[in-house]
Amino acid sequence: PMREAARMTTADNRQLVLVDRPVGPVEDHHFELRTTAVPEPGPAQVVVETVWIGFDPTQRGWLNDVPSYMPPVQIGEPMRASGVGRVVASNDPAFTEGDWVTGLLGWQDYSLHGAGAGFGIQKVPDGLEPRAMLSVFGTTGVTAYFGMLDLGQPVEGETVFVSGAAGSTGSIAAQIAKLKGCTVIGSAGGPRKNAWVTDVAGIDACIDYKSEDTEARLRALAPNGLDVYFDNVGGPTLEAALATIAMRARVVLCGGISSGYDMNDLPPGPRNYMQLVIMRARMEGFIVLDYADRFGEAIAQLGQWVGERKIVYAEDIAEGLENCPATLRGLFEGANLGKQLLKVRD
Ligand code: NAP
């Protein structure tokens, strides 16, 4: 404890603080790197040292000053972000120094949790790779699980289309539909990602939406129409999917990253939403937090599939806290294959 106390007073806490709200893409100058003292834990509080940071498109939405499923990040606050780290000081009997934990740690070296401070943290279950709590066993894996199974309800023999199929959520959603005995089509940007989706993730076909006509390819690949469309991107891809749905199709609205999540400049459409009427189809959105009381079920099932190598997942790893803004922007530029992570320290 003595050595720990000495380290706590000499270390600095670097934080990337929001200083200006972006209009359009996130830029470095929207954040400022500030150095403060490492927080000291009060009664029932815990200090966590960030090791890994996870990047989620929804973080761009948190920067808009509009009401959403979570309050916006305020000017002067460290950027909110998921992370995995180690407990360095604890006044909560549930946590011990050295424990691996996950939660909203933020773009900072150290964060305070518990008893009125910060967001909740959870221990990384024994035997799991800590950073996998940010991908396949984290928000994106669980989103894929409930979005595909609860809303998409794929039935053996059906045809399923997943956009963003080389991404963290889409790659898992597509593989779950394969495990349910469906023919699965993905879409992703560029030949490298398309090859990964078919050759590594084992998806039946992948459309390079950047160089191919998505609707024409869907008509060729799914002559009987799409029974399920798991939408991560919105925009023109959603219109192409709606144009090719089968009777009683389920369109799962997971995300719409093609909008840039910039609420100042909303995209039009889908212009052909009347397809839902003609095909007696359903389009439904969801937020994964609604399933919080069932996360354990999803993680257990995903863990089994990963252990049996029935599901593979990819990670894309950046380094250095100062590179967080550019790394977040990269999601909107398709820079990542699989889950985008950033390593803050060894
Ligand atoms: P991700 O898919 O790993 O990364 C984002 C990907 O989006 C990029 O790699 C890029 O791939 C693609 N993209 C960017 N701009 C695009 C555009 N204009 N058109 C088409 N694709 C574009 O990120 P993720 O964390 O797994 O999130 C995927 C989606 O799920 C997002 O829409 C996110 O908001 C949503 N989500 C929803 C929930 C929920 O509770 N509803 C929870 C988690 C995530 P390409 O190179 O292929 O373009």
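Computed from the coordinates by the stated procedures, all read-outs in this text should not be read as laboratory data. Computed from a predicted model, the values in this text were never measured in an experiment. When we count neighbours, we look across all protein chains shown, and the Cβ atoms used for this are built from the backbone with ideal geometry, even at glycine.
Miscellaneous remarks
- Helix-derived mean residue ellipticity, 222 nm - over the chain, DSSP H n ≥ 4, -39500 (n - 2.57), to 500: -6500 deg cm²/dmol
- Normalised by 2.2 N^0.38 Å, where N is the number of residues, the C-alpha radius of gyration of region 187-308 stands at 1.18.
- Taking a Cβ cut-off of under 13 Å around Arg14, the surrounding Lys, Arg, Asp and Glu residues balance to a net charge of -3, with basic ones at +1 and acidic ones at -1.
- Computed FRET value (nearest 0.05) for Arg271 with Leu179, which takes r as the C-beta separation and R₀ as 45 Å: 0.85
- The Cα center of region 110-173 and the Cα center of region 14-47 differ in position by 25 Å.
- A DSSP coil position with no more than 11 other Cβ atoms inside 10 Å describes the following GluC sites (Glu not before Pro) in region 268-346: Glu308, Glu333.
- Each residue of region 260-276 is assigned a 3J(HN,Hα), and the resulting list reads x, 6, 9, 5, 7, 9, 6, x, x, x, x, 5, 9, 5, 5, 4, 5 Hz, derived from the Karplus form 6.51 cos²θ - 1.76 cosθ + 1.60 (θ = phi - 60°), x at Gly and Pro.
- The phi-based Karplus calculation (6.51 cos²θ - 1.76 cosθ + 1.60; θ = phi - 60°) puts the 3J(HN,Hα) values of region 208-225 at 8, 5, 7, 10, 10, 7, 4, 5, 5, 5, 5, 4, 6, 7, 10, x, 9, x Hz, whole numbers, x for Gly and Pro.
- Springs join every pair of Cα atoms under 10 Å in this Gaussian network model of the chain, and among Ala94, Ala173, Ala201 the largest mean-square fluctuation is at Ala94.
- Angle in degrees between helix 295-307 and the longest Cα principal axis of the chain, rounded to the nearest 10: 70 degrees
- Spacing of the modelled spin labels on Arg21 and Val155, each 7 Å from Cα toward Cβ, amounts to 4.6 nm.
- Base-10 log of normalised Debye intensity for the chain (one unit scatterer per alpha-carbon) at q = 0.07, 0.09 Å⁻¹: -0.31, -0.50
- In range of the label at Asn91: residues from region 25-50 whose backbone nitrogen is under 18 Å from the point 7 Å along Cα→Cβ: 37-49
- As a rough footprinting exposure proxy, the listed residues Asp204, Asp109 were ranked by other beta carbons within 10 Å of their own, and the order from fewest upward is Asp204, Asp109.
- Nearest 10 degrees, 0 to 90: helix 168-179 Cα axis against the chain principal axis: 50 degrees
- DSSP-defined antiparallel bridges as percent of all bridges, the chain, nearest 5: 55 percent
- Measuring how big region 95-214 is from its alpha-carbon positions, Rg and Dmax come out at 17.8, 54 Å.
- Scattering curve values for region 1-116, log₁₀ I(q)/I(0), Debye with Cα scatterers, q = 0.15, 0.20, 0.22 Å⁻¹: -0.69, -1.09, -1.24
- Scanning the chain for trypsin sites (Lys or Arg not before Pro) lying in DSSP loops with no more than 15 further Cβ atoms inside 10 Å, the longest uninterrupted stretch between such sites is 1-209.
- When Trp305, Trp100 are arranged by Cβ crowding within 10 Å, least crowded first, meaning fewest neighbours, the order is Trp305, Trp100.
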